[in-house]
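Worksheet: the structure to be examined is printed underneath.
The values are calculated or read from the model by the stated rules, or taken from the named source; none is laboratory data. It should be emphasised that the depicted structure is a prediction, and the values quoted were computed from it without experimental measurement. Every residue, glycine among them, receives a Cβ derived from its backbone with ideal geometry; neighbour counts consider all protein chains shown.
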Amino acid sequence: MPDLLIELFSEEIPARMQARAAEDLKSRMTNGLVEAGLTYAGAAAFHTPRRLALAIDGLLGESPTLREERKGPRVDAPDKAIEGFLRGAGLTRDQLEERDDKKGRVFYAVIEKPGRPAPTIVAEVLEDVIRNFPWPKSMRWGAGSLRWVRPLHSILCILSDEAGAEVVPLEVDGIIAGNTTEGHRFMAPGRISVTGFDDYAAQLKRRFVLLDPAERADAIWQDATNQAFAQGLDVVEDRGLLAEVAGLVEWPVVLMGEIGADFLALPPEVLQTSMKEHQKFFSVRNPKTGRIERFITVANRETRDHGATILAGNQKVLAARLSDARFFWENDLRVAKTGMEVWTEQLSNVTFHNKLGSQAARIDRIAALARDIAPQLGADAALAEQAARVAKADLSSEMVYEFPELQGLMGRYYAQAAELPPQVAAACQEHYSPLGPSDSVPSAPVSIAVALADKLDTLTGFWAIDEKPTGSKDPFALRRAALGVIRLVLVNGLRLPLQPIFASALAAQPGTAGQGAAEDLLSFFHDRLKVHLRDEGIRHDVIDACLAMPGNDDLLQLVNRATALSDVLKTDDGENLVQAFKRANNILAQAEEKDGVAYEFGADPKFAEAEEEVTLFTALEDAKTPVAKALETEDFAGAMNRVAALRAPIDAFFEAVQVNAQNEIVRRNRLNLLSMIRTTCLQVADLTRIEG
């Protein structure tokens, strides 16, 4: 079985596209080969800035011969039916076979598709893959019709086995496939011949090309950390930047440079962001001071001066970039010290949404909402309002205009420069959090108040103008905002009924919210909560059973109830209690429908006939007060465990007693007893919604 090696060699492929392109090449080639009848043992894809490569091991030498039998019409069928069958089978009448069938003599077509050699199939599949490759962006060049991310220079396509290697005959837009490739553009120019993947990878390495992106990334990180360690410093970890830089070079050469002393006073986040965004540099930090003092750059070649010229050029460009950052920083500090309100006033000219007004108007709403909810969070109302009024001021700053990803963080620095209370400064940075399911959650009361107000204003605003998420579309990230509210409430253990807050926030919005907006928004929160709790192992029917209870806008209470019910249902008593409850509820529902009355009161132990009946009366009566007290103190686990303990007397009752007795008084009494079971169980959760 031969091995297949493919390389598509081009001008530089953008780093962000390389990994996906390599996987697309692998999946489209292997799928196409398998569909054509060529199976394989294994496949691996690789990428560098100038090439996509695919190695397939153990490919079949040719596709198998396929034999298919098709049953046709009867021999005496109309000619048109027979002609249609012949067209579908691609045969003539004399090629058909006649066979006996239970309906008489029938035509059969025996169709054989001979196998084809691997080179023919590989050429067909690869040409189709190249011509229809799913680049996010592509271009045409020259006079050809082929589109590729950058001009495609050559195609390497060979099949190799013990006997040697053969080039797969293939031409795409004038590019003829061969067995050659190129090494490093500068360090080893010129074409080289290869005989298989091992030879290909080895020759590239000798010519200063590391084919495997993981190997390039490992080499960069190891060399960078070693150089930093030798100076008593740490490289700031950034896996995204590492992957990107590994996609920019074929032969990584790690160089460490110094940051000018004039720039060391800049906030470390500013230095890190500027170097990453503008020059793809890694930041090197002094662990003793926390300052960013040096940088790591990765060159694509070795030089005689060991990178000195490259470093000098990089440091010159870096100085210019950091001079801009220092200018922004110093200007912003001067403004902040005079009062951040200047920036907030500028936001009156910035539209948040054409139906929801300016950012300044939104800040007014957030400030009022933060002040209202602060007492429920243990936060100082005045501080919460003050923090909300300056939390977004940095959006007008020059630094955030240049680096939007620093919003919030720069607000903290500027609030500190303005000598605002530390709680206010912290809220400026933390009110955006959490941004996702793994992001940290603020714990300071003032930060929580502003974070909640910010997210709730967003949600109620878009609900007021009927701009809700639909299907997979969520252009305003409202699902993320709702999850942020949920995590703020749950992680901080907040008792915060949402309905009054929704009503107040909706009333403050410029949109005309309908009467059902608050209920609809709460339903949206419940859906988000289901997703959140499902990830924590709580079943959707358990959540539904708790959502049906009063107070379901108190998310913490709701989750506590659902957690307790989930735990009880994992026990034998809990699981069997649900079955007993459903049995009692079904019998009761059928009797109430048949009799046209509700059996909701009047059960009396004096009409009990069986010992098990008396025992159940006693058990239900004994459970009444403990369950009520547990629910009053929101000890849901205690209440549910107490109800689950009724499982044994309920089971014994159903085994010994016939509910629909002949004596009508006894029957009514027993139905009212079932009503006591239903009422007791439904106090803890709506068990009718539990599945199974």
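Of all the residues that make up segment 390-438, how many are among the charged types (D, E, K, R), surrounded by 19 or more Cβ atoms within 10 Å (Cβ to Cβ), touching a residue at least 24 places away in the same chain (Cβ under 8 Å) and assigned to a helix (DSSP H, G or I)?
Result for segment 390-438: 1.
Can ASP199 be described as farther than 17 Å from ARG301 by Cβ and in a helix (DSSP H, G or I)?
So ASP199 fits the description; yes.
Checking the conditions here, which among ARG131, ARG87 is in the same structural domain as ARG20 (by TED's automatic domain parsing), charged (D, E, K, R) and surrounded by fewer than 17 Cβ atoms within 10 Å (Cβ to Cβ)?
ARG131
So in segment 117-174, with the set limited to residues that are in contact (Cβ under 8 Å) with a residue 60 or more places away in the chain and among the hydroxyl-bearing types (Ser, Thr, Tyr), which one is farthest from ARG28 (Cα to Cα)?
SER160
Identify the single condition in (1) surrounded by 17 or more Cβ atoms within 10 Å (Cβ to Cβ); (2) in contact (Cβ under 8 Å) with a residue 24 or more places away in the chain; (3) farther than 16 Å from ILE6 by Cα; (4) out of contact with any Ser or Thr (no Cβ under 6 Å at 6 or more places or on another chain) that TYR200 does not satisfy, given that it satisfies every other one.
Evaluating TYR200 over (1) surrounded by 17 or more Cβ atoms within 10 Å (Cβ to Cβ); (2) in contact (Cβ under 8 Å) with a residue 24 or more places away in the chain; (3) farther than 16 Å from ILE6 by Cα; (4) out of contact with any Ser or Thr (no Cβ under 6 Å at 6 or more places or on another chain) leaves (3) as the failure.
Just for segment 141-196: of the residues that are over 25 Å from LEU33 (Cα atoms) and aromatic (Phe, Trp, Tyr), which one is modelled with the lowest pLDDT?
Once the filter is applied, the top-ranked residue is TRP141.
Suppose we keep only residues that are of a type in the set (Asp, Glu) and more than 42 Å from the chain's Cα centre (by Cα) within segment 639-692. Which one would you say is surrounded by the most Cβ atoms within 10 Å (Cβ to Cβ)?
It comes out as ASP651.
What about ALA505, is it over 26 Å from LEU631 (Cβ atoms), buried (at least 18 other Cβ atoms within 10 Å of the Cβ) and touching a Phe, Trp or Tyr at 6+ places or on another chain (Cβ under 7 Å)?
Taking the combined requirement at face value, the residue does not satisfy it.
List pairs: first residue in segment 84-102 and of a type in the set (A, V, I, L, M, F, W, C), second residue loosely packed, with under 13 Cβ neighbours inside 10 Å anywhere in the structure, Cβ distance under 7 angstrom, at least six positions apart or on different chains.
Listed pairs, sorted by first residue: LEU86/THR92; LEU86/ARG93.
Which residues, taken from segment 33-81, are part of a helix (DSSP H, G or I) and either acidic (Asp, Glu) or surrounded by fewer than 18 Cβ atoms within 10 Å (Cβ to Cβ) (or both)?
Result: VAL34, GLU35, ASP79, LYS80, ALA81.
Check segment 18-30 and report whether any residue there is at pLDDT 95 or above, in contact with a Lys or Arg (Cβ under 8 Å, 6 or more places away or on another chain), hydrophobic (A, V, I, L, M, F, W, C) and closer than 30 Å to GLY240 by Cα.
No: zero hits.
This table checks each residue for (1) over 35 Å from the mean Cα position of the chain (by Cα); (2) farther than 23 Å from ALA451 by Cβ; (3) assigned to a helix (DSSP H, G or I).
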{"site": "ALA265", "(1), (2), (3)": "yes, yes, no"}
{"site": "GLU269", "(1), (2), (3)": "no, no, yes"}
{"site": "PRO287", "(1), (2), (3)": "no, yes, no"}
{"site": "THR297", "(1), (2), (3)": "no, yes, no"}
{"site": "ARG321", "(1), (2), (3)": "no, yes, yes"}
{"site": "ALA325", "(1), (2), (3)": "no, yes, yes"}
{"site": "LEU333", "(1), (2), (3)": "yes, yes, yes"}
{"site": "LEU347", "(1), (2), (3)": "no, no, yes"}
{"site": "ALA370", "(1), (2), (3)": "no, no, yes"}
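Out of everything in segment 439-465 that is touching a Ser or Thr at 6+ places or on another chain (Cβ under 9 Å) and more than 19 Å from ALA368 (Cα to Cα), what residue ends up being surrounded by the fewest Cβ atoms within 10 Å (Cβ to Cβ)?
Among residues in segment 439-465 that are touching a Ser or Thr at 6+ places or on another chain (Cβ under 9 Å) and more than 19 Å from ALA368 (Cα to Cα), the one surrounded by the fewest Cβ atoms within 10 Å (Cβ to Cβ) is SER440.
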